[in-house]
1. By counting other Cβ atoms within 10 Å of each Cβ, how are 162, 55, 70 ranked from fewest to most?
2. Peptides 21-27, 10-16, 102-108: what's the order by average Cβ count within 10 Å, highest mean first?
3. In square nanometres and to one decimal, what's the mean projected area of the convex hull around the Cα atoms of the chain?
4. Can you give the FRET efficiency for residue 167 and residue 146, using 1/(1 + (r/R0)^6), R0 = 30 Å, r = Cβ-Cβ distance, to the nearest 0.05?
5. As a test of understanding, state the convex hull volume per residue of segment 123-177 from its alpha carbons, in Å³.
6. Past the 31 Å Cα-Cα mark, which pairs from 105/151; 107/130; 107/136; 69/105?
7. Per-residue ellipticity at 222 nm for the chain, helices alone: DSSP H runs ≥ 4 residues times -39500 (n - 2.57), over residue total, nearest 500 deg cm²/dmol?
8. Give the order of 90, 59, 152, 161 when sorted by the count of other beta carbons within 10 angstrom, beginning with the fewest.
Amino acid sequence: MPPLENPRHEAFAQALFEGLGSGLTQGQAYSAAGYTNNPGAAKASASRLLNSTNHIIERVQELQAQAAKHKQISVESIVDELEGARQIARENNQASAMVAASTAKAKILGLEINRTEVGKPGDFGALNSKEELAEKYLLEANPDAIITVTKRNMVIAELERHMAAITAIAANNDCLQQ
């Protein structure tokens, strides 16, 4: 919806919208829009105008939606805020605060990944086949994963490639030790 055709109605809608955040009453918004300054008359007239037309309320709702969309938090907005904090820390010679802001940015952008080992010694002892091992790895990587034959075979092929490399390393070590 574009601005209202009636400039006073648009001013009233804008004043109502601004008043939502600052505590302005309908009567005060009505006066701020260029109508009467008499508090009693402004209150009554504001109420009458809002009850007789819907377009002012619709305009206020549109302004609220625009503000909500503008305030939407995104990865970019958070990274921008952290960059601002980092710059302030730099200006104040606060190295640890700069590092903290940079670290937070890296985490948000997926550049820093914390890995932890899952499971206890012997957790693989109950596995009886390469297929079970492949499924265990897939589920540890993504608990919500849908395991398909193709995915399982890809993991098995990768495991076999690693086993071949480990076997070659072990064979070379045996040769080097003799």
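1. Exposure proxy ranking, most exposed first: 70, 162, 55.
2. 10-16, 102-108, 21-27
3. For the Cα atoms of the chain, the hull's average projected area reads 22.8 nm².
4. Rounded to the nearest 0.05, the efficiency is 0.40.
5. 94
6. The answer is 105/151; 107/130.
7. About -23000 deg cm²/dmol.
8. 161, 90, 152, 59
Values quoted throughout were computed directly from the atomic coordinates according to the rules given, and no laboratory measurement underlies them. On a predicted model such as this, the values are computed, not experimentally measured, just so you know. In this analysis, Cβ positions are derived from the backbone assuming ideal geometry, glycine residues included, and neighbour counts consider all displayed protein chains.
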